[in-house]
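Presented below is the structure to which this report refers.
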Ligand SMILES: Cc1cc2nc3c(=O)[nH]c(=O)nc-3n(C[C@H](O)[C@H](O)[C@H](O)COP(=O)(O)OP(=O)(O)OC[C@H]3O[C@@H](n4cnc5c(N)ncnc54)[C@H](O)[C@@H]3O)c2cc1C
């Protein structure tokens, strides 16, 4: 262990580990191959309190710090990369309410998020705006006590079975620069003018539905404007994504660990030319590199999480952790497949799933190209002459 955990932290991580081994890992490939939403596992996540993992206890959550939450995410991702997807963006929505919402909003929404009764995620991206968040076109125009939303969102995780989302929209379409005219609204399914128009078919990250949303004069009560003030949404999103990057890094760590654990086992079981393949130097090289990357990814991830827990701004650390851990996941998935030979390519083993799940980590919460620009910007600031 990299650092001392309290008994309580240790117990929780142990509970999640057992849950993953007993209930997630055995069904993950079947659910993935059928692209089936894991209803039963969602209920178990509710029971474990994980929809409220980082929500303060006073609002009904279990109040985990970033470090313990990252450990939980690592465990979940080790069993099935889609599992953290059920809670990560949901908890970023909760984070925005917790950090920037009014007291009335915190009291209303956080207990509902914590219990999982209201759950969902982030509706930021659009067909023509992913990395370039400021290019979004969805608008929310004030009309009496409501905002009227028009536009479309793309790639929204949890949209099919979730019910509540943090929507980024332009409340002042003429603002220059555009980010000054953007706000976050909490939107709920049910009213006319909000349609989940389709599920997007994808390579991996199965089971968790990722959808397109269409808004046509959809009315949202003005009291759902997070923080009660227009023009601050972009800032909230950037802050939320900073913590999101630690979570994606932890998913990377979980995936590298899954690859390593499968590979070290197989390397001792599979024999060629009269000996276990783990005795061939070229396989040893792969194991050594994978284990080294696992350790390095862990150190970066938990160091960023601990810095965040100390209250520092961690764009640089979270960016580095996300970049390294997710690239390590992609490389390890490929190497795990090589180590497993033909067996790794079959649907009988989870290696092919790791291979399909890893690329999303390079894209989500800011692509790794964007991470590099964030890292470089921070470096130039910190080392300014
Ligand atoms: C499975 C899945 C789930 C998702 N879930 C959500 C969700 O829940 N909510 C949500 O809002 N979004 C979600 N997204 C969207 C995701 O955040 C975007 O896909 C991501 O930000 C990249 O945007 P893009 O796809 O438009 O790529 P683009 O921004 O078009 O980028 C294309 C390429 O250009 C590169 N690039 C872009 N700008 C620069 C630059 N300045 N410098 C260097 N390179 C650059 C990118 O790195 C990439 O390689 C999800 C996406 C996927 C695939």
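Rule-based calculations on the coordinates, nothing more; no lab input. Fair warning: this is a prediction, and the values are worked out from it, not measured in the lab. Here the Cβ positions follow ideal geometry from the backbone for every residue, glycine too, while neighbour counts run over all protein chains shown.
Report the Rg/Rh value for segment 95-191, based on alpha-carbon coordinates and the Kirkwood definition of Rh.
Using only Cα positions, Rg/Rh for segment 95-191 is 0.96.
Give me the percent relative contact order of segment 121-231, please, defined on Cα pairs under 8 angstrom at least 6 residues apart.
For segment 121-231, the relative contact order is 31 percent.
Under the definition of Cα pairs under 8 Å and six or more residues apart, what whole-number percent is the relative contact order of the chain?
Answer for the chain is 16 percent.
Build a GNM of the chain with springs between Cα atoms under 10 Å: which of 93, 238, 320 gets the top mean-square fluctuation?
238
Taking the Cα atoms of the chain, what is the range of coordinates along each of the three principal axes, in descending order and whole Å?
79, 55, 43
May I ask you to derive the FRET efficiency for residue 265 and residue 35 from their Cβ-Cβ distance with R0 = 22 Å, giving the value to the nearest 0.05?
Between residue 265 and residue 35 the formula returns 0.20.
In which sequence would 206, 286 go, from the one with the fewest C-beta neighbours within 10 Å to the one with the most?
On the way: 206 25, 286 21.
Ordered by Cβ neighbours within 10 Å, fewest first: 286, 206.
Hey, what does the equivalent ellipsoid look like for segment 255-385, semi-axes from the Cα gyration tensor as sqrt of 5 times each eigenvalue, largest first, whole Å?
On the way: eigenvalues 232, 44, 28 Å².
Over the Cα atoms of segment 255-385, the ellipsoid semi-axes are 34, 15, 12 Å.
In percent, what relative contact order does segment 127-190 have, based on Cα pairs under 8 Å that are 6 or more apart in sequence?
Once divided by the residue count of segment 127-190, the mean separation gives 30 percent.
Which distance in nm do the two modelled labels at residue 309 and residue 44 give, with both placed 7 Å along the Cα-to-Cβ direction?
In this crude label model, residue 309 to residue 44 measures out at 2.6 nm.
If eta is 0.692 mPa s and T is 37 °C, what Stokes-Einstein diffusion coefficient results for segment 24-104, Kirkwood Rh from Cα pairs, in µm²/s?
Details: Rh = 13.5 Å.
Translational diffusion coefficient: 243 µm²/s.
Can you work out the FRET efficiency for the pair residue 348 and residue 163, with r the C-beta to C-beta distance and R0 = 41 Å, to the nearest 0.05?
So, using R0 = 41 Å, E works out to roughly 0.65.
For the chain, what is the mean residue ellipticity at 222 nm derived from helices alone (per DSSP H run of n ≥ 4: -39500 (n - 2.57); sum divided by total residues; nearest 500 deg cm²/dmol)?
The per-residue figure over the chain is -18000 deg cm²/dmol.
Any idea how far the Cα center of segment 165-238 sits from the one of segment 100-148, in Å?
Centre-to-centre distance over Cα atoms comes out at 5 Å.
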